[in-house]
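Here is the structure we will look at.
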Amino acid sequence: MGGKTDLTLRNYATADRDQVVALWDRCGLLVWYNDPDKDIARWIENPSSEILLGVLGDEIVATICVGNDGHRGRLNYLASAPEHRGKGFASAMVSAAEDWLRDRNVPKVELLIRENNLGVKNFYRRVGYHQNNCHIMQRWLIDGMPTPANDAPRTDGKLENTITYLEMTERPLQQIPKLTGDRTVALLGCKQPPLSFYRFLYNSVGEPWFWWERRTMDDESLQSIIHDPRVEIYVLYVEGAPAGYAELDRRIDKEVELAYFGLLPEFIGQGLGPYLLASAIDIAWSYNPERVHLHTNTLDHPKALPVYQRCGFVPYKQEQIIIDDPRLTGAFPA
């Protein structure tokens, strides 16, 4: 395939394993209960399925797994390298998978998307997919798998969410990781940011992960927080463009909360997250607090909790809550 994407399509080969799994990991597609090697084996050993790759030179930059049961096609593991987002690679992979199914006279294609995965749902809508309101039922046939109860979409306009609270009480020993490449990267403090700029950061970083609280906050209330001298906002810039931010809240004596942290979707998977997180932790400890703390939840990036734990944060409390679905309350655009 040529044209505007400059992408070459080919089938998976055994030698592609490391690149493919690394790409899936960078795109947040790996979860603890799905072994990528077993999944790869299932797809390539089944004569009714295939793994398609999108390649630039020698680099695998996109994948999709496609299969069928003779009547329905299925798509899995759609991945597009974060540094190449916006080039049409994901759309090209979906089109290639649909062509693969058409060649086998499969009349329709379906896929499963978690109810809280807003970004993926919006992508598929843009390329012509629509929601079919069927009820999905499942049962694990392997011992030790997680209960599917929280995966099932609710019908009452609510979302279930598990919040994990973490803290560290000693300054970590690890250093801020060095960034590779020749891009100009800068982390700058943003004192009393304009509300419009802050909302841009909050909305852009948080939309895939259902950050909704400050979307619904009025300007006066929000400004009272972000213009408080004990609240510090650090913006990460890459080649002059805002790529993410971290917000430190020191309004409680002897504590620093990492209130918000994240990257714009276009910059995920480029090694910037560890740099921004480590920098924020280092700044937080420069105030010599008794503890630095944060919380994450099951609507966040699936790698958020293990990343925080690897940095030295320790869980100390967990709670389950039910919230109004922000897509139904008007907090998110329809």
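The values are calculated or read from the model by the stated rules, or taken from the named source; none is laboratory data. As the structure is a prediction and not an experimental result, all values here were calculated from the model. Cβ atoms come from the backbone with ideal geometry, glycine included; neighbour counts cover every protein chain shown. For the accessible areas, the whole protein counts, side chains as well, though only heavy atoms, and no ligand, DNA or RNA atoms are used. Shrake-Rupley method; radii C 1.70, N 1.55, O 1.52, S 1.80 Å.
A few remarks follow.
- Restricting the range 163-220 to residues that are basic (Lys, Arg) and open to solvent by less than 80 Å² (accessible area, probe 1.4 Å), the residue that is nearest to Tyr237 (Cα to Cα) is Arg199.
For (1) open to solvent by less than 20 Å² (accessible area, probe 1.4 Å); (2) outside any strand (DSSP E or B); (3) aliphatic (A, V, I, L, M); (4) touching a residue at least 60 places away in the same chain (Cβ under 8 Å), each residue gets a yes or a no:
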| site | (1), (2), (3), (4) |
| --- | --- |
| Gln19 | no, yes, no, no |
| Leu23 | yes, yes, yes, no |
| Arg42 | no, yes, no, no |
| Ile51 | yes, no, yes, no |
| Ala62 | yes, no, yes, no |
| Val66 | yes, no, yes, no |
| Val94 | yes, yes, yes, no |
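- All of Tyr287, Tyr275 fail the test of being crowded, with 16+ Cβ neighbours inside 10 Å and among the aromatic types (Phe, Trp, Tyr), apart from Tyr275.
- Qualifying residue in the range 31-38 (condition: buried (at least 18 other Cβ atoms within 10 Å of the Cβ), under 22 Å from Pro82 (Cα atoms) and out of contact with any Leu (no Cβ under 7 Å at 6 or more places or on another chain)): no
- The range 101-114 residues that are closer than 19 Å to Leu52 by Cβ and among the charged types (D, E, K, R), paired with ones that are open to solvent by 80 Å² or more (accessible area, probe 1.4 Å) and assigned to a loop (DSSP other than H, G, I, E, B) (beta carbon under 8 Å, 6 or more apart): Lys108/His71; Glu110/Asn132
- Residue in the range 216-235 that is within 27 Å of Arg85 (Cβ to Cβ) and acidic (Asp, Glu) present: no
- Meets criteria (open to solvent by 50 Å² or more (accessible area, probe 1.4 Å) and on the phi > 0 side of the Ramachandran plot) for Gly57: yes
- Qualifying positions in the range 221-260 - out of contact with any Ser or Thr (no Cβ under 7 Å at 6 or more places or on another chain), open to solvent by 70 Å² or more (accessible area, probe 1.4 Å) and of a type outside the set (Gly, Ala, Ser): Gln223, Pro229, Arg230, Arg251, Ile252, Asp253, Lys254
- Meeting the requirement of 2 or more residues that are over 24 Å from Leu173 (Cα atoms) and of a type outside the set (Val, Ile, Thr), the strands (runs of 3 or more DSSP E) wholly within the range 216-311 are 241-249.
- Within the option set Ala79, Ala15, being touching a Cys at 6+ places or on another chain (Cβ under 9 Å) and either among the small types (Gly, Ala, Ser) or modelled with pLDDT under 95 (or both) holds for one residue only, Ala79.
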